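K.L.:
Handing you a structure now.
The values are calculated or read from the model by the stated rules, or taken from the named source; none is laboratory data. Note that the structure is predicted; figures quoted are calculated from it, not measured. Cβ placement follows ideal geometry from the backbone for every residue including glycine, while neighbour counts extend to all protein chains displayed.
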2 protein chains.
Amino acid sequence: MQIAYIQTFPLFGEKEMNFREVLNLTCTLKTDLLILPELFATGYTFASKEETTEMGEFPGEETTHFLQLLSGKTGGIVVAGFVEKEGDTIYNSAMIVADSEIIGIYRKLHLFNKEKLWFSPGNKPPKVYRVRGVNIGIMICFDWIFPEVTRSLALQGAQIIAHPSNLVMPHCQAAMVTRCIENRVFSITANRIGTEKRGEDEFIFTGMSQITSTRGEILSSAPGDKTYVGIARIDPFQALNKKINPYNDLLADRRIQGNLLID
Amino acid sequence: MQIAYIQTFPLFGEKEMNFREVLNLTCTLKTDLLILPELFATGYTFASKEETTEMGEFPGEETTHFLQLLSGKTGGIVVAGFVEKEGDTIYNSAMIVADSEIIGIYRKLHLFNKEKLWFSPGNKPPKVYRVRGVNIGIMICFDWIFPEVTRSLALQGAQIIAHPSNLVMPHCQAAMVTRCIENRVFSITANRIGTEKRGEDEFIFTGMSQITSTRGEILSSAPGDKTYVGIARIDPFQALNKKINPYNDLLADRRIQGNLLID
């Protein structure tokens, strides 16, 4: 199975330009699974709830159509971040699409910094989607720092963690090695690059998108300051066997949950 | 506050020699907290349950006396691994001692490899001990790969994770950076060096003991093949504030436990 990410430099509020950048980066790409960054179509640094409302979309609108197009063109499943509307509520979400079908939508559980002002926190537990024979779990950016998220996805059988991101802190890439080892899963962190300055807020996005194997090997690592297409070939079945020796199984051996012994 | 570890090369079954090595390494050491490796007095590679029974001790016996002596000599709290007997049951445990007092005993929850044949799994949740004004949590070696352990200790207020180890896998040191960042705690991994070959079992212990800060900085790192004394000065109060920006708190922001939303 071939998996891939694109590392982009979105321009704030310029959906059409951002779609075009994605098409340019993927113009010859054929792949089974493609991950795009968080909020790839809109940019990140919102300044008001009105802005997120204005740029937000219901499933089935413009960004959905673009992702369906992209899935058809690349031939693979696509996971990408977008501003989701549900009634008057706005979520920082990621959509998983295969051909013309919306497989599911994940709403970011752990909002970072002022996202708490512009978005509502995800209102559903993380979920694993079985698509074309592979179990895919989604988390978004800052979710990485909470081990509960990847763990929950692994306990549900995720083989690959799709991780659209807009990272500004330095520790995620190394932490994803730990996440993959402790859960025996693959992960694809699709980050963005560039700087966004709006009002008093300035964010420098760190690039270095990364594909990590179940054994913690870094299969692809992007530069910190360039757009990039990262590709790796993996065997997703490696994520199904959690035994690390004849005596230890990474999930079955768990003894505690919260502060309580679970056996 | 000064914290320290010693990285030793225990000889299997030679308690007196192993005590002497510890005394040699610590002969001029004064410190507030000192961590020794897992099973520092006995060595690691047991070959039968009879052997663990033979070398095991009830609290208050030989190894306890040695740790009380060491606490008095160094002036600090001591945490060290030992083979614990309780009735006919044998645990891979770690004792925390201050002067002549046994503060507590932690029984390893996640047994590695054939430890499952020689030891019983810990039967109590991990616990935080408040000693001389600082909250200390204990975990042992392979517990590192289960994020639930450090998390549980952090949720109980641990400022410092004492981590006696006999590591043979390569990923723990980097994972401890993630553990410290995701929980905003300090950690002290006291590992051993050397090879033990008994029957068909051969373990190469990897050294590289490590003190890690709440921000993921490596404050001390030992070589992979030499005995070593590692020391760092820390401010344990840095572990009490879990806010990483005005909007995010690493513990209060948690949304899921297991697969369930917790708010």
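K.L.:
Can you pull out the residues in segment B:46-85 that are in contact with a Gly (Cβ under 9 Å, 6 or more places away or on another chain) and under 16 Å from residue B:108 (Cα atoms)?
P.N.:
Within segment B:46-85, B:82, B:83, B:84, B:85 qualify.
K.L.:
Among the residues of segment B:83-123, how many are part of a strand (DSSP E or B) and among the charged types (D, E, K, R)?
P.N.:
5
K.L.:
If you check residue A:211 against the conditions, is it out of contact with any helix residue (DSSP H, G or I) (no Cβ under 9 Å at 6 or more places or on another chain), of a type outside the set (Asp, Glu), in a strand (DSSP E or B) and modelled with pLDDT of 95 or more?
P.N.:
So residue A:211 fits the description; yes.
K.L.:
I'd like to check something: does segment A:62-75 contain any residue that is at pLDDT 95 or above and in a strand (DSSP E or B)?
P.N.:
Checking segment A:62-75: not a single residue is at pLDDT 95 or above and in a strand (DSSP E or B).
K.L.:
So which of A:94, A:98 ends up being free of Cβ contacts under 8 Å to residues at least 40 places away in the same chain, in contact with a strand residue (DSSP E or B) (Cβ under 9 Å, 6 or more places away or on another chain) and away from chain B (no Cβ under 12 Å)?
P.N.:
None of the others qualify; the one that does is A:98.
K.L.:
Can you tell me which residue is surrounded by the fewest Cβ atoms within 10 Å (Cβ to Cβ) among those in segment B:128-155 that are in a loop (DSSP other than H, G, I, E, B) and over 13 Å from the mean Cα position of the chain (by Cα)?
P.N.:
B:133
K.L.:
Specify the residue that is surrounded by the most Cβ atoms within 10 Å (Cβ to Cβ); the eligible residues are those in segment B:167-178 that are within 8 Å of another protein chain (Cβ to nearest Cβ) and in a helix (DSSP H, G or I).
P.N.:
Looking at residues that are within 8 Å of another protein chain (Cβ to nearest Cβ) and in a helix (DSSP H, G or I), I get B:178.
K.L.:
Out of all the residues in segment A:156-166, which are crowded, with 24+ Cβ neighbours inside 10 Å and either part of a loop (DSSP other than H, G, I, E, B) or acidic (Asp, Glu) (or both)?
P.N.:
Passing the criteria: A:158, A:159, A:165, A:166.
K.L.:
While we're here: State which residue pairs qualify: first residue in contact (Cβ under 8 Å) with a residue 60 or more places away in the chain and inside segment A:46-65, second residue in a loop (DSSP other than H, G, I, E, B) in any location, beta carbons under 7 Å apart, and separation of 6 or more residues or different chains.
P.N.:
Cβ pairs passing all conditions: A:47/A:199; A:52/A:46; A:52/A:119.
K.L.:
If you check residue A:70 against the conditions, is it surrounded by 15 or more Cβ atoms within 10 Å (Cβ to Cβ), touching a residue at least 40 places away in the same chain (Cβ under 8 Å) and within 14 Å of chain B (Cβ to nearest Cβ)?
P.N.:
No; evaluated as a whole, the condition is false for this residue.
K.L.:
For segment B:220-257, what are the residues that are within 14 Å of chain A (Cβ to nearest Cβ) and either loosely packed, with under 15 Cβ neighbours inside 10 Å or of a type in the set (Phe, Trp, Tyr) (or both)?
P.N.:
Listed by number, the residues that qualify are B:243, B:245, B:246, B:247, B:249, B:252.
K.L.:
With respect to residue A:262, determine if the residue is among the hydrophobic types (A, V, I, L, M, F, W, C), on the phi < 0 side of the Ramachandran plot, loosely packed, with under 14 Cβ neighbours inside 10 Å and free of Cβ contacts under 8 Å to residues at least 40 places away in the same chain.
P.N.:
Against the criterion (among the hydrophobic types (A, V, I, L, M, F, W, C), on the phi < 0 side of the Ramachandran plot, loosely packed, with under 14 Cβ neighbours inside 10 Å and free of Cβ contacts under 8 Å to residues at least 40 places away in the same chain), residue A:262 qualifies.
K.L.:
Of the residues A:188, A:193, which is assigned to a strand (DSSP E or B), away from chain B (no Cβ under 11 Å), of a type outside the set (Gly, Ala, Ser) and within 13 Å of the chain's Cα centre (by Cα)?
P.N.:
A:188
K.L.:
Report whether or not residue A:161 is in contact (Cβ under 8 Å) with a residue 12 or more places away in the chain and more than 10 Å from chain B (Cβ to nearest Cβ).
P.N.:
yes
K.L.:
Further question on the same structure: Quick one: would you say residue B:39 is within 14 Å of residue B:190 (Cα to Cα) and part of a strand (DSSP E or B)?
P.N.:
In short, no.
K.L.:
Still on this structure: Return the pairs, sorted by first residue and then second, in which the second residue is of a type in the set (A, V, I, L, M, F, W, C) and part of a strand (DSSP E or B), the first residue lies in segment B:217-233 and is over 27 Å from residue B:183 (Cα atoms), the beta carbons are less than 7 Å apart, and the residues are 6+ apart or on different chains.
P.N.:
Pairs that qualify, where the first residue is over 27 Å from residue B:183 (Cα atoms) and the partner is of a type in the set (A, V, I, L, M, F, W, C) and part of a strand (DSSP E or B), are B:225/B:193; B:226/B:193; B:227/B:193.
K.L.:
So how many residues does segment A:107-132 have that are facing chain B (nearest Cβ under 10 Å) and among the small types (Gly, Ala, Ser)?
P.N.:
Looking only at that region, the number is 1.
K.L.:
A further question follows. Which residue pairs have Cβ atoms closer than 8 Å, lie 6 or more positions apart in sequence or on different chains, and pair a first residue in segment B:244-255 that is without any contact (Cβ under 8 Å) to a residue 12 or more places away in the chain and closer than 13 Å to residue A:116 by Cβ with a second residue that is surrounded by fewer than 19 Cβ atoms within 10 Å (Cβ to Cβ) and among the acidic types (Asp, Glu)?
P.N.:
Pairs found: B:255/B:263.
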